[in-house]
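S.K.: Here you go, one structure.
The values are calculated or read from the model by the stated rules, or taken from the named source; none is laboratory data. Keep in mind that what you see is a predicted model, and the values were worked out from it rather than measured. Positions of Cβ are backbone-derived with ideal geometry, glycine not excepted, and every protein chain shown enters the neighbour counts. Accessible surface is based on the protein model in full, side chains and every heavy atom, while ligands, DNA and RNA are left aside. Shrake-Rupley method; radii C 1.70, N 1.55, O 1.52, S 1.80 Å.
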Amino acid sequence: MSVLEVNFDGLVGPTHNYSGLAHGNVASMSHGGLVSNPREGALQGLGKMKSLMDAGYAQGVLPPQQRPDLGALRALGFSGSTREVLARAAKEAPQLLRAVCSASSMWTANAGTVTPSVDAPDGRVHFTPANLQSSFHRYLEPETTGRVLAAIFKDEAHFAHHPVLPATPAFSDEGAANHTRLGASHGDPGVHLFVYGRRAFGEGVEPKRYPARQTLEASQAVARQHGLGEAQTVFAQQHPDAIDAGVFHNDVIAVGNGPVLLYHEMAFLDEQGTLDELRAKMATPLIPVRVPKEAVSMEDAVASYLFNSQLLSNPDGSMTLVVPGECQDNEAVWRTIQDLLIAGPNPINEVLVKDVKQSMRNGGGPACLRLRVALSAAERAALSGRVLLDDGLHGDLTAWVERHYRDRLAPEDLADPQLAEETLTALDELTRLLAIGSVYPFQRA
(Lines give C-alpha, C1' and ligand atoms only; values in the text may rest on other atoms or scores of the structure.)
Protein backbone atom coordinates (compact mmCIF):
# COMPACT_ATOMS: atom_id res chain seq x y z
CA MET A 1 0.00 0.00 0.00
CA SER A 2 2.94 2.38 -0.45
CA VAL A 3 1.13 3.71 -3.53
CA LEU A 4 -2.23 5.21 -2.59
CA GLU A 5 -4.92 6.75 -4.70
CA VAL A 6 -5.55 10.18 -3.25
CA ASN A 7 -8.92 11.69 -4.12
CA PHE A 8 -8.51 15.45 -4.40
CA ASP A 9 -12.00 16.87 -3.98
CA GLY A 10 -12.88 20.37 -5.09
CA LEU A 11 -14.22 22.72 -2.46
CA VAL A 12 -17.62 24.08 -3.44
CA GLY A 13 -17.09 27.81 -4.05
CA PRO A 14 -18.85 30.75 -2.35
CA THR A 15 -20.73 31.63 -5.58
CA HIS A 16 -22.29 28.17 -6.02
CA ASN A 17 -25.52 28.86 -7.90
CA TYR A 18 -28.05 27.30 -10.24
CA SER A 19 -27.80 29.07 -13.57
CA GLY A 20 -28.42 26.09 -15.87
CA LEU A 21 -25.27 26.76 -17.87
CA ALA A 22 -24.31 23.23 -18.93
CA HIS A 23 -25.98 22.30 -22.22
CA GLY A 24 -26.42 18.54 -22.35
CA ASN A 25 -26.35 18.20 -18.57
CA VAL A 26 -29.96 17.37 -17.74
CA ALA A 27 -29.70 18.13 -14.02
CA SER A 28 -28.04 21.49 -14.60
CA MET A 29 -30.59 22.56 -17.20
CA SER A 30 -33.62 21.41 -15.20
CA HIS A 31 -32.57 23.21 -12.00
CA GLY A 32 -31.61 26.53 -13.60
CA GLY A 33 -32.99 29.49 -11.69
CA LEU A 34 -33.40 27.77 -8.33
CA VAL A 35 -32.01 29.28 -5.14
CA SER A 36 -28.82 27.56 -4.02
CA ASN A 37 -27.20 27.19 -0.61
CA PRO A 38 -23.42 27.60 -1.03
CA ARG A 39 -22.76 26.96 2.66
CA GLU A 40 -24.68 23.70 2.63
CA GLY A 41 -22.98 22.65 -0.61
CA ALA A 42 -19.49 23.23 0.77
CA LEU A 43 -20.31 21.45 4.03
CA GLN A 44 -21.81 18.50 2.15
CA GLY A 45 -18.59 18.20 0.14
CA LEU A 46 -16.45 18.44 3.27
CA GLY A 47 -18.68 15.87 4.95
CA LYS A 48 -18.08 13.38 2.14
CA MET A 49 -14.34 14.00 2.32
CA LYS A 50 -14.28 13.57 6.11
CA SER A 51 -16.28 10.34 6.09
CA LEU A 52 -13.99 8.78 3.49
CA MET A 53 -10.91 9.96 5.39
CA ASP A 54 -12.33 8.41 8.57
CA ALA A 55 -12.88 5.16 6.65
CA GLY A 56 -9.17 5.05 5.81
CA TYR A 57 -9.07 6.50 2.31
CA ALA A 58 -6.47 9.13 1.39
CA GLN A 59 -8.23 12.44 0.80
CA GLY A 60 -6.98 15.74 -0.58
CA VAL A 61 -8.50 19.17 -1.17
CA LEU A 62 -8.39 21.55 -4.13
CA PRO A 63 -9.51 25.21 -3.79
CA PRO A 64 -12.31 26.82 -5.84
CA GLN A 65 -11.71 29.40 -8.56
CA GLN A 66 -11.88 33.16 -8.19
CA ARG A 67 -15.47 34.14 -8.93
CA PRO A 68 -16.91 36.36 -10.22
CA ASP A 69 -14.25 36.50 -12.91
CA LEU A 70 -14.24 40.26 -13.37
CA GLY A 71 -11.21 40.00 -15.63
CA ALA A 72 -13.26 38.00 -18.12
CA LEU A 73 -16.03 40.61 -18.07
CA ARG A 74 -13.55 43.44 -18.59
CA ALA A 75 -11.97 41.55 -21.48
CA LEU A 76 -15.45 41.41 -23.03
CA GLY A 77 -15.87 45.18 -22.89
CA PHE A 78 -17.40 45.88 -19.49
CA SER A 79 -15.49 48.69 -17.79
CA GLY A 80 -15.58 50.72 -14.61
CA SER A 81 -15.60 49.79 -10.96
CA THR A 82 -16.60 46.36 -9.71
CA ARG A 83 -20.10 47.67 -9.00
CA GLU A 84 -20.39 49.20 -12.48
CA VAL A 85 -19.07 46.11 -14.27
CA LEU A 86 -21.48 43.81 -12.43
CA ALA A 87 -24.46 46.12 -12.88
CA ARG A 88 -23.88 46.56 -16.59
CA ALA A 89 -23.33 42.83 -17.15
CA ALA A 90 -26.51 42.02 -15.20
CA LYS A 91 -28.49 44.41 -17.40
CA GLU A 92 -26.93 43.73 -20.82
CA ALA A 93 -25.68 40.15 -20.66
CA PRO A 94 -27.09 38.27 -17.64
CA GLN A 95 -25.97 34.90 -19.03
CA LEU A 96 -22.38 36.16 -19.16
CA LEU A 97 -22.62 37.28 -15.55
CA ARG A 98 -23.90 33.88 -14.54
CA ALA A 99 -21.08 32.20 -16.43
CA VAL A 100 -18.33 34.22 -14.75
CA CYS A 101 -19.84 33.39 -11.34
CA SER A 102 -20.07 29.64 -11.88
CA ALA A 103 -18.63 27.43 -9.14
CA SER A 104 -18.14 24.57 -11.62
CA SER A 105 -14.50 24.06 -10.62
CA MET A 106 -15.87 22.01 -7.69
CA TRP A 107 -16.02 19.14 -10.18
CA THR A 108 -12.32 18.41 -10.20
CA ALA A 109 -12.74 15.30 -12.33
CA ASN A 110 -12.60 17.91 -15.10
CA ALA A 111 -9.53 19.68 -13.74
CA GLY A 112 -7.17 17.61 -15.86
CA THR A 113 -5.79 14.20 -16.72
CA VAL A 114 -3.21 12.49 -14.51
CA THR A 115 -0.75 9.69 -15.28
CA PRO A 116 0.94 8.06 -12.26
CA SER A 117 4.70 7.68 -12.17
CA VAL A 118 4.58 3.89 -12.57
CA ASP A 119 3.22 4.36 -16.10
CA ALA A 120 5.35 7.33 -17.21
CA PRO A 121 8.68 6.83 -19.01
CA ASP A 122 10.44 9.36 -16.77
CA GLY A 123 9.03 7.97 -13.51
CA ARG A 124 7.17 11.18 -12.62
CA VAL A 125 3.47 11.94 -12.11
CA HIS A 126 2.17 13.84 -15.16
CA PHE A 127 -0.59 16.46 -15.27
CA THR A 128 -2.41 18.17 -18.14
CA PRO A 129 -5.11 20.69 -17.21
CA ALA A 130 -8.25 20.29 -19.34
CA ASN A 131 -9.07 23.16 -21.69
CA LEU A 132 -12.85 22.77 -21.12
CA GLN A 133 -13.43 24.77 -24.29
CA SER A 134 -16.91 23.37 -24.93
CA SER A 135 -18.53 25.80 -22.48
CA PHE A 136 -17.57 29.38 -21.69
CA HIS A 137 -18.02 29.15 -17.92
CA ARG A 138 -15.57 26.24 -17.75
CA TYR A 139 -13.18 27.63 -20.37
CA LEU A 140 -12.34 30.26 -17.73
CA GLU A 141 -10.84 27.65 -15.36
CA PRO A 142 -7.65 26.12 -16.86
CA GLU A 143 -5.20 28.95 -16.18
CA THR A 144 -5.91 29.00 -12.45
CA THR A 145 -6.22 25.20 -12.37
CA GLY A 146 -2.72 24.92 -13.82
CA ARG A 147 -1.34 27.29 -11.19
CA VAL A 148 -3.05 25.37 -8.38
CA LEU A 149 -1.73 22.01 -9.59
CA ALA A 150 1.76 23.45 -10.06
CA ALA A 151 1.68 24.96 -6.56
CA ILE A 152 0.70 21.67 -4.89
CA PHE A 153 2.66 19.28 -7.10
CA LYS A 154 5.69 21.54 -7.23
CA ASP A 155 8.68 19.22 -6.86
CA GLU A 156 10.06 18.72 -10.39
CA ALA A 157 11.83 15.55 -9.31
CA HIS A 158 8.42 13.92 -8.83
CA PHE A 159 5.90 15.88 -10.89
CA ALA A 160 5.66 17.04 -14.52
CA HIS A 161 3.17 19.62 -15.82
CA HIS A 162 2.07 19.98 -19.45
CA PRO A 163 0.39 22.89 -21.24
CA VAL A 164 -3.33 22.99 -21.82
CA LEU A 165 -4.28 21.72 -25.27
CA PRO A 166 -5.26 24.36 -27.85
CA ALA A 167 -8.73 25.64 -26.93
CA THR A 168 -10.35 24.77 -30.25
CA PRO A 169 -13.16 22.32 -31.06
CA ALA A 170 -10.63 19.93 -32.58
CA PHE A 171 -8.91 19.43 -29.21
CA SER A 172 -11.89 19.69 -26.89
CA ASP A 173 -10.70 18.16 -23.61
CA GLU A 174 -12.78 17.54 -20.48
CA GLY A 175 -10.09 15.88 -18.36
CA ALA A 176 -10.32 12.80 -16.18
CA ALA A 177 -14.10 12.63 -16.53
CA ASN A 178 -13.35 10.80 -19.79
CA HIS A 179 -10.33 8.84 -18.57
CA THR A 180 -10.06 5.68 -16.49
CA ARG A 181 -6.95 3.76 -15.50
CA LEU A 182 -7.27 -0.02 -15.11
CA GLY A 183 -4.74 -2.45 -13.64
CA ALA A 184 -4.06 -4.90 -10.84
CA SER A 185 -3.60 -2.12 -8.27
CA HIS A 186 -2.69 1.55 -8.05
CA GLY A 187 0.99 0.68 -7.74
CA ASP A 188 1.13 -1.71 -10.71
CA PRO A 189 1.45 -0.65 -14.36
CA GLY A 190 -1.94 0.17 -15.81
CA VAL A 191 -3.84 0.61 -19.07
CA HIS A 192 -5.43 3.97 -19.74
CA LEU A 193 -8.95 3.98 -21.17
CA PHE A 194 -9.63 7.28 -22.94
CA VAL A 195 -13.25 7.78 -23.99
CA TYR A 196 -14.17 10.31 -26.65
CA GLY A 197 -17.45 11.53 -28.12
CA ARG A 198 -16.38 12.49 -31.64
CA ARG A 199 -13.52 12.69 -34.10
CA ALA A 200 -12.37 16.15 -35.15
CA PHE A 201 -10.70 14.91 -38.32
CA GLY A 202 -12.36 12.25 -40.38
CA GLU A 203 -15.82 10.78 -40.44
CA GLY A 204 -17.62 9.15 -37.58
CA VAL A 205 -20.94 8.78 -35.80
CA GLU A 206 -21.89 11.73 -33.58
CA PRO A 207 -24.77 12.53 -31.22
CA LYS A 208 -27.68 14.47 -32.70
CA ARG A 209 -29.21 16.26 -29.70
CA TYR A 210 -26.33 17.30 -27.42
CA PRO A 211 -22.69 18.07 -28.21
CA ALA A 212 -19.88 15.58 -27.73
CA ARG A 213 -17.41 17.32 -25.44
CA GLN A 214 -14.30 15.14 -25.85
CA THR A 215 -12.48 14.53 -29.12
CA LEU A 216 -10.34 11.56 -30.01
CA GLU A 217 -7.59 13.96 -31.03
CA ALA A 218 -7.54 15.57 -27.57
CA SER A 219 -7.28 12.21 -25.85
CA GLN A 220 -4.46 11.14 -28.14
CA ALA A 221 -2.59 14.40 -27.52
CA VAL A 222 -2.77 14.00 -23.74
CA ALA A 223 -1.51 10.44 -24.03
CA ARG A 224 1.44 11.68 -26.12
CA GLN A 225 2.22 14.44 -23.61
CA HIS A 226 2.41 11.86 -20.84
CA GLY A 227 4.55 9.44 -22.83
CA LEU A 228 1.94 6.70 -22.94
CA GLY A 229 2.51 4.15 -25.69
CA GLU A 230 0.10 2.09 -27.75
CA ALA A 231 0.36 -0.88 -25.40
CA GLN A 232 -0.78 1.33 -22.50
CA THR A 233 -3.79 3.01 -24.11
CA VAL A 234 -7.26 2.17 -25.36
CA PHE A 235 -9.33 4.82 -27.16
CA ALA A 236 -13.05 4.05 -27.14
CA GLN A 237 -15.97 6.07 -28.44
CA GLN A 238 -18.81 6.88 -26.10
CA HIS A 239 -22.17 5.79 -27.43
CA PRO A 240 -23.78 8.82 -29.13
CA ASP A 241 -27.22 7.74 -27.90
CA ALA A 242 -25.91 8.00 -24.33
CA ILE A 243 -24.72 11.56 -24.94
CA ASP A 244 -28.13 12.43 -26.37
CA ALA A 245 -29.71 10.99 -23.20
CA GLY A 246 -27.69 13.41 -21.03
CA VAL A 247 -24.44 11.50 -20.51
CA PHE A 248 -22.19 14.48 -21.14
CA HIS A 249 -19.07 12.75 -19.73
CA ASN A 250 -18.08 9.11 -19.65
CA ASP A 251 -18.01 9.16 -15.83
CA VAL A 252 -21.80 9.53 -15.90
CA ILE A 253 -22.10 6.08 -17.53
CA ALA A 254 -18.98 4.14 -16.42
CA VAL A 255 -16.45 4.01 -13.58
CA GLY A 256 -13.28 1.96 -13.28
CA ASN A 257 -10.94 1.07 -10.44
CA GLY A 258 -8.17 -1.50 -10.32
CA PRO A 259 -9.25 -4.34 -12.63
CA VAL A 260 -12.97 -3.51 -12.34
CA LEU A 261 -14.92 -1.64 -15.01
CA LEU A 262 -18.48 -0.88 -13.92
CA TYR A 263 -20.47 0.32 -16.92
CA HIS A 264 -23.91 0.57 -18.48
CA GLU A 265 -24.46 -1.44 -21.64
CA MET A 266 -24.94 1.84 -23.56
CA ALA A 267 -21.60 3.30 -22.41
CA PHE A 268 -19.51 2.48 -25.48
CA LEU A 269 -20.32 2.51 -29.19
CA ASP A 270 -18.31 -0.70 -29.62
CA GLU A 271 -18.77 -2.45 -26.29
CA GLN A 272 -17.22 -5.79 -27.25
CA GLY A 273 -14.30 -4.22 -29.09
CA THR A 274 -13.51 -2.02 -26.09
CA LEU A 275 -13.55 -4.97 -23.69
CA ASP A 276 -11.46 -7.12 -26.04
CA GLU A 277 -8.75 -4.45 -26.39
CA LEU A 278 -8.63 -3.88 -22.63
CA ARG A 279 -8.26 -7.62 -22.02
CA ALA A 280 -5.48 -7.85 -24.61
CA LYS A 281 -3.46 -5.00 -23.09
CA MET A 282 -4.04 -5.46 -19.35
CA ALA A 283 -1.53 -7.59 -17.43
CA THR A 284 -4.26 -8.67 -15.02
CA PRO A 285 -7.70 -10.06 -15.93
CA LEU A 286 -10.33 -7.41 -16.55
CA ILE A 287 -13.41 -7.67 -14.34
CA PRO A 288 -16.27 -6.11 -16.32
CA VAL A 289 -19.46 -5.39 -14.37
CA ARG A 290 -22.15 -4.73 -16.96
CA VAL A 291 -25.47 -3.15 -16.05
CA PRO A 292 -28.09 -3.88 -18.72
CA LYS A 293 -30.71 -1.31 -19.69
CA GLU A 294 -33.40 -3.76 -18.59
CA ALA A 295 -32.11 -3.30 -15.02
CA VAL A 296 -31.36 0.44 -15.17
CA SER A 297 -32.74 2.59 -17.96
CA MET A 298 -30.72 5.42 -19.42
CA GLU A 299 -33.16 7.83 -17.79
CA ASP A 300 -32.61 6.27 -14.36
CA ALA A 301 -28.85 6.15 -14.87
CA VAL A 302 -28.75 9.89 -15.60
CA ALA A 303 -31.21 10.81 -12.85
CA SER A 304 -29.50 8.76 -10.12
CA TYR A 305 -25.86 9.15 -11.20
CA LEU A 306 -25.25 5.50 -10.33
CA PHE A 307 -22.15 5.45 -12.51
CA ASN A 308 -20.88 8.78 -11.22
CA SER A 309 -19.98 7.00 -8.01
CA GLN A 310 -16.56 6.56 -6.47
CA LEU A 311 -15.17 3.04 -6.62
CA LEU A 312 -12.51 2.68 -3.93
CA SER A 313 -9.96 -0.06 -3.18
CA ASN A 314 -9.68 -1.63 0.27
CA PRO A 315 -6.57 -3.31 1.74
CA ASP A 316 -8.24 -6.76 1.63
CA GLY A 317 -8.83 -6.54 -2.13
CA SER A 318 -12.51 -5.65 -1.85
CA MET A 319 -14.02 -2.41 -3.16
CA THR A 320 -16.46 0.15 -1.82
CA LEU A 321 -18.95 2.02 -4.00
CA VAL A 322 -19.75 5.57 -2.88
CA VAL A 323 -23.09 6.66 -4.35
CA PRO A 324 -25.25 9.80 -4.08
CA GLY A 325 -28.45 9.62 -2.08
CA GLU A 326 -30.43 9.75 -5.32
CA CYS A 327 -29.42 6.11 -5.96
CA GLN A 328 -31.15 5.00 -2.78
CA ASP A 329 -34.26 6.94 -3.77
CA ASN A 330 -34.55 5.13 -7.12
CA GLU A 331 -36.06 1.65 -6.68
CA ALA A 332 -34.59 0.13 -9.86
CA VAL A 333 -31.13 1.54 -9.20
CA TRP A 334 -31.06 0.54 -5.54
CA ARG A 335 -32.21 -2.99 -6.40
CA THR A 336 -29.47 -3.23 -9.03
CA ILE A 337 -26.85 -2.09 -6.52
CA GLN A 338 -27.91 -4.76 -4.05
CA ASP A 339 -28.58 -7.66 -6.45
CA LEU A 340 -26.14 -7.13 -9.31
CA LEU A 341 -23.25 -5.21 -7.79
CA ILE A 342 -22.94 -6.09 -4.10
CA ALA A 343 -24.11 -9.70 -4.53
CA GLY A 344 -22.40 -10.23 -7.88
CA PRO A 345 -19.11 -12.00 -8.75
CA ASN A 346 -16.89 -8.95 -8.37
CA PRO A 347 -14.86 -7.22 -5.61
CA ILE A 348 -17.60 -4.67 -4.79
CA ASN A 349 -18.95 -5.66 -1.37
CA GLU A 350 -19.98 -2.38 0.24
CA VAL A 351 -22.02 0.68 -0.69
CA LEU A 352 -21.83 4.04 1.08
CA VAL A 353 -24.56 6.64 0.49
CA LYS A 354 -23.59 10.32 0.61
CA ASP A 355 -25.73 13.44 0.48
CA VAL A 356 -24.32 15.81 -2.16
CA LYS A 357 -27.64 17.28 -3.31
CA GLN A 358 -26.31 20.81 -3.81
CA SER A 359 -23.81 19.44 -6.33
CA MET A 360 -26.24 16.91 -7.84
CA ARG A 361 -28.76 19.61 -8.75
CA ASN A 362 -26.09 21.15 -10.95
CA GLY A 363 -25.20 17.78 -12.47
CA GLY A 364 -22.23 16.58 -10.42
CA GLY A 365 -22.11 13.45 -8.27
CA PRO A 366 -19.41 11.98 -6.01
CA ALA A 367 -17.09 11.08 -8.89
CA CYS A 368 -17.36 14.56 -10.45
CA LEU A 369 -16.15 16.07 -7.19
CA ARG A 370 -12.77 14.34 -7.16
CA LEU A 371 -9.54 14.13 -9.16
CA ARG A 372 -7.78 10.80 -8.62
CA VAL A 373 -3.99 10.95 -8.19
CA ALA A 374 -2.04 7.77 -7.41
CA LEU A 375 0.99 8.72 -5.30
CA SER A 376 3.84 6.81 -3.72
CA ALA A 377 4.95 7.57 -0.17
CA ALA A 378 7.81 9.71 -1.51
CA GLU A 379 5.44 11.61 -3.81
CA ARG A 380 3.00 12.25 -0.99
CA ALA A 381 5.88 13.57 1.11
CA ALA A 382 6.85 15.88 -1.77
CA LEU A 383 3.47 17.63 -1.90
CA SER A 384 3.52 21.34 -1.16
CA GLY A 385 0.94 23.07 0.98
CA ARG A 386 -1.52 21.76 3.50
CA VAL A 387 -3.83 19.86 1.18
CA LEU A 388 -4.07 16.32 2.56
CA LEU A 389 -7.14 16.17 4.76
CA ASP A 390 -6.83 15.42 8.46
CA ASP A 391 -9.05 16.30 11.40
CA GLY A 392 -7.33 19.64 11.89
CA LEU A 393 -7.68 20.73 8.27
CA HIS A 394 -11.27 19.55 8.14
CA GLY A 395 -12.07 21.61 11.22
CA ASP A 396 -10.35 24.67 9.83
CA LEU A 397 -12.12 24.38 6.46
CA THR A 398 -15.50 23.88 8.12
CA ALA A 399 -14.98 26.99 10.23
CA TRP A 400 -13.81 28.90 7.14
CA VAL A 401 -16.99 27.96 5.25
CA GLU A 402 -19.20 28.94 8.16
CA ARG A 403 -17.45 32.33 8.39
CA HIS A 404 -17.59 33.26 4.73
CA TYR A 405 -20.40 31.47 2.88
CA ARG A 406 -23.96 32.58 2.35
CA ASP A 407 -26.81 30.13 2.96
CA ARG A 408 -28.91 31.51 0.12
CA LEU A 409 -27.93 32.59 -3.38
CA ALA A 410 -30.35 33.34 -6.22
CA PRO A 411 -29.16 34.14 -9.76
CA GLU A 412 -30.08 37.82 -9.27
CA ASP A 413 -27.72 37.99 -6.26
CA LEU A 414 -24.71 37.50 -8.53
CA ALA A 415 -24.67 41.22 -9.37
CA ASP A 416 -24.14 42.11 -5.72
CA PRO A 417 -20.67 43.74 -5.41
CA GLN A 418 -20.63 42.72 -1.76
CA LEU A 419 -20.65 39.06 -2.86
CA ALA A 420 -17.56 39.70 -4.97
CA GLU A 421 -15.80 41.34 -2.02
CA GLU A 422 -16.80 38.52 0.34
CA THR A 423 -15.44 35.94 -2.10
CA LEU A 424 -12.04 37.61 -2.48
CA THR A 425 -11.70 37.88 1.29
CA ALA A 426 -12.57 34.21 1.68
CA LEU A 427 -10.18 33.01 -1.04
CA ASP A 428 -7.30 35.10 0.26
CA GLU A 429 -7.74 33.49 3.66
CA LEU A 430 -8.06 30.04 2.07
CA THR A 431 -4.72 30.24 0.26
CA ARG A 432 -3.05 31.01 3.58
CA LEU A 433 -4.93 28.19 5.29
CA LEU A 434 -3.85 25.72 2.57
CA ALA A 435 -0.37 27.28 2.30
CA ILE A 436 -0.39 27.21 -1.51
CA GLY A 437 0.75 30.77 -2.21
CA SER A 438 -0.75 33.33 -4.56
CA VAL A 439 -2.68 31.30 -7.15
CA TYR A 440 -5.54 33.70 -7.87
CA PRO A 441 -5.49 36.59 -10.38
CA PHE A 442 -6.38 39.18 -7.71
CA GLN A 443 -3.40 38.05 -5.63
CA ARG A 444 -1.02 38.30 -8.58
CA ALA A 445 -2.18 41.64 -9.98
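S.K.: Can you run phi through the Karplus equation (6.51, -1.76, 1.60; θ = phi - 60°) for the range 257-268 and list ³J(HN,Hα) in whole Hz, with x for Gly and Pro?
M.R.: 7, x, x, 9, 10, 9, 8, 7, 4, 9, 5, 10
S.K.: Tally up the carbon and sulfur contribution to the accessible surface of the chain as a whole percent, 1.4 Å probe, everything protein left in place.
M.R.: C and S fraction of accessible area: 50 percent.
S.K.: Is there a quick way to get the dipole size of the chain? I mean about its Cα centre, with the Cβ of Lys and Arg at +1 and of Asp and Glu at -1; what is the value in debye to the nearest 20?
M.R.: The dipole magnitude comes to about 820 debye.
S.K.: Next question. Report SER135's accessible area, 1.4 Å probe, all protein chains in place, as a number in Å² to the nearest 10.
M.R.: 20
S.K.: Right, next: Using the Cα centre of the chain as origin and beta-carbon charges of +1 (Lys, Arg) and -1 (Asp, Glu), tell me which of SER297, THR128, VAL148 is placed farthest towards the positive end of the dipole.
M.R.: Final value for the positive-end residue is VAL148.
S.K.: Pick from MET106, MET49, MET319: which is most flexible by mean-square fluctuation in a GNM of the chain where alpha carbon atoms under 10 Å apart are linked?
M.R.: The residue with the greatest mean-square fluctuation here is MET319.
S.K.: Determine ³J(HN,Hα), in whole Hz, for all residues of the range 353-368 in sequence, where each value follows from phi through the Karplus function 6.51 cos²θ - 1.76 cosθ + 1.60 and θ = phi - 60°; x replaces Gly and Pro.
M.R.: These are the phi-based 3J(HN,Hα) values: 9, 10, 8, 10, 4, 4, 6, 4, 5, 9, x, x, x, x, 6, 5 Hz.
S.K.: Can I ask one more? Return the label of the correct value of semi-axes √(5λ) of the Cα gyration tensor in Å, as calculated from the structure shown, out of [x] 32, 24, 22; [y] 54, 27, 20; [z] 38, 22, 20.
M.R.: Matching entry in [x] 32, 24, 22; [y] 54, 27, 20; [z] 38, 22, 20: [x].
S.K.: So what is log10(I(q)/I(0)) for the range 118-177 at q = 0.15 1/Å, when the Debye sum runs over its Cα atoms only?
M.R.: At q = 0.15 Å⁻¹ the computed log10 ratios are -0.48.
S.K.: About the Cα centre, and with charges only on the beta carbon of Lys, Arg (+1) and Asp, Glu (-1), how big is the dipole of the range 217-329? Nearest 20 debye, please.
M.R.: So the dipole magnitude of the range 217-329 works out to roughly 460 debye.
S.K.: Given Cβ point charges of +1 (Lys, Arg) and -1 (Asp, Glu) and nothing else, what value in debye, to the nearest 20, does the dipole of the range 237-278 about its Cα centre take?
M.R.: I would put it at about 180 debye.
S.K.: Which whole-Hz ³J(HN,Hα) couplings does the range 192-208 yield from phi under the Karplus relation 6.51 cos²θ - 1.76 cosθ + 1.60, θ = phi - 60°, glycine and proline marked x?
M.R.: In residue order, the calculated couplings are 9, 9, 9, 10, 10, x, 7, 9, 7, 10, x, 7, x, 7, 10, x, 9 Hz.
S.K.: Moving to a separate point now. Name the long-range amide H neighbours of ASN257: under 5 Å, sequence gap of 5 or more, or other chain; modelled H, no Pro or chain starts.
M.R.: LEU262
S.K.: List the residues, sorted by chain then number, that are 5 or more residues from TYR57 or on another chain and whose placed amide H is less than 5 Å from its amide H.
M.R.: Amide H to amide H, under 5 Å and 5 or more residues apart or across chains, TYR57 pairs with nothing.
S.K.: Put ASP270, ASP413 in order of accessible area, largest first, 1.4 Å probe: what do you get?
M.R.: The most accessible residue leads, giving ASP270, ASP413.
S.K.: Using heavy-atom solvent-accessible surface (probe 1.4 Å) with all chains present, what is the largest-first order of TRP334, TRP400, TRP107?
M.R.: Most to least solvent-accessible, the answer reads TRP334, TRP107, TRP400.
S.K.: Same structure again: What are the residues whose amide H is under 5 Å from the amide H of GLN310, where those residues sit 5 or more places off or on another chain and H is modelled from the backbone?
M.R.: Excluding prolines and chain starts, which carry no amide H, the hits are VAL322, ALA367.
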